[in-house]
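Data first, discussion second: the structure below is written as structure tokens.
The values are calculated or read from the model by the stated rules, or taken from the named source; none is laboratory data. Computed from a predicted structure; not experimentally measured. Here the Cβ is made from the backbone with ideal geometry for all residues, glycine too, and neighbour counts use every protein chain on show. Just the protein is used for accessible areas: all its heavy atoms, side chains included, with ligands, DNA and RNA removed. Shrake-Rupley method; radii C 1.70, N 1.55, O 1.52, S 1.80 Å.
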Amino acid sequence: MYADAETIRRILRDTGETWAVVGLSNNRSRAAYGVAEVLQRFGKRVVPVHPKAEQVHGEDGYSSLADIPFPVDVVDVFVNSELAGGVADDAVAAGAKAVWFQLGVVDAEAYDRTRAAGLDMVMDRCPAIEIPALSR
């Protein structure tokens with residue numbers, strides 16, 4: 001319901017190359033770290049967004065979406081569901097084209113608000129799982 005195949009394909013192939021990954025840090029044991037690597041191999045620029053604002057995978061980090069000084073196409077969200085709605089609202093305010101909530105991140109009201117603002121959105125899915133499926 002929150003992740004139709006056409007929207008997934010459109011976000012991954014057509015929406016743009018710059019992905020802000022909210023929750024990405026240098027902690028290699030976190031899912032965001034590995035997913036960001038997959039996105040980079042797929043040709044995406046990955047911008048870390050984390051309170052530590054540390055450099056990850058060769059890209060400078062920012063403490064919030066509002067701090068990023070260039071346009072972001074997709075906001076990939078690796079925070080708890082309770083915080084995800086605020087991140088989706090920040091993505092709309094930042095002018096992103098799409099929002100992607102990772103596996104286990106669910107907020108139906110945020111989904112509705114984001115879609116109503118005209119953005120594509122996928123929820124409770126992982127691009128690292130979806131990218132290989134594109135070739136099928």
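In the stretch 23-60, whose amide N lies under 19 Å from the spot 7 Å out along Cα-to-Cβ of residue 103? List them in ranges.
Under 19 Å, as judged by backbone N against the label point of residue 103, lie 23-25, 27-42 of the stretch 23-60.
In whole Hz, with x marking every Gly and Pro, tabulate ³J(HN,Hα) for the stretch 29-45 from phi via Karplus 6.51 cos²θ - 1.76 cosθ + 1.60, θ = phi - 60°.
3J(HN,Hα) across the stretch 29-45, in whole Hz: 7, 8, 4, 4, 4, x, 5, 4, 4, 4, 4, 5, 4, 7, x, 8, 7.
Pop out the carbon and sulfur fraction of the accessible area of the stretch 5-134 as a percent, whole number, probe 1.4 Å.
47
When the C-alpha atoms of the stretch 56-136 are aligned to their principal axes, what extent does each axis show, in angstrom, from largest down?
Here the Cα extents, ordered largest to smallest, are 37, 34, 23 Å.
So how do 16-26, 83-93, 34-44 stack up, highest first, on mean other-Cβ count within 10 Å?
The packing order, highest mean first, is 16-26, 83-93, 34-44.
Run the simple label-point estimate for residue 31 and residue 80 please: 7 Å along Cα→C-beta, distance reported in nm.
So the label points at residue 31 and residue 80 sit 1.6 nm apart.
Provide the per-residue ³J(HN,Hα) series for the stretch 87-92, in order, calculated from phi with Karplus coefficients 6.51, -1.76, 1.60 and θ = phi - 60°, each as a whole number of Hz, with x at glycine and proline positions.
5, 4, 5, 5, 5, 4
Could you pull the accessible area for residue 29 with a 1.4 Å probe, rounded to 10 Å²?
100
The list (i) 16.3; (ii) 14.4; (iii) 15.0 gives values of Kirkwood radius over Cα pairs in Å, and only one came from this structure; which label was calculated from it?
Recomputing Kirkwood radius over Cα pairs in Å here picks out (ii).
Among 66, 22, 111, which residue has its Cα positioned farthest towards the positive end of the charge dipole of the chain, with +1 placed on the Cβ of Lys and Arg, -1 on the Cβ of Asp and Glu, and the dipole taken about the Cα centre?
Going by the charge dipole, the pick is 22.
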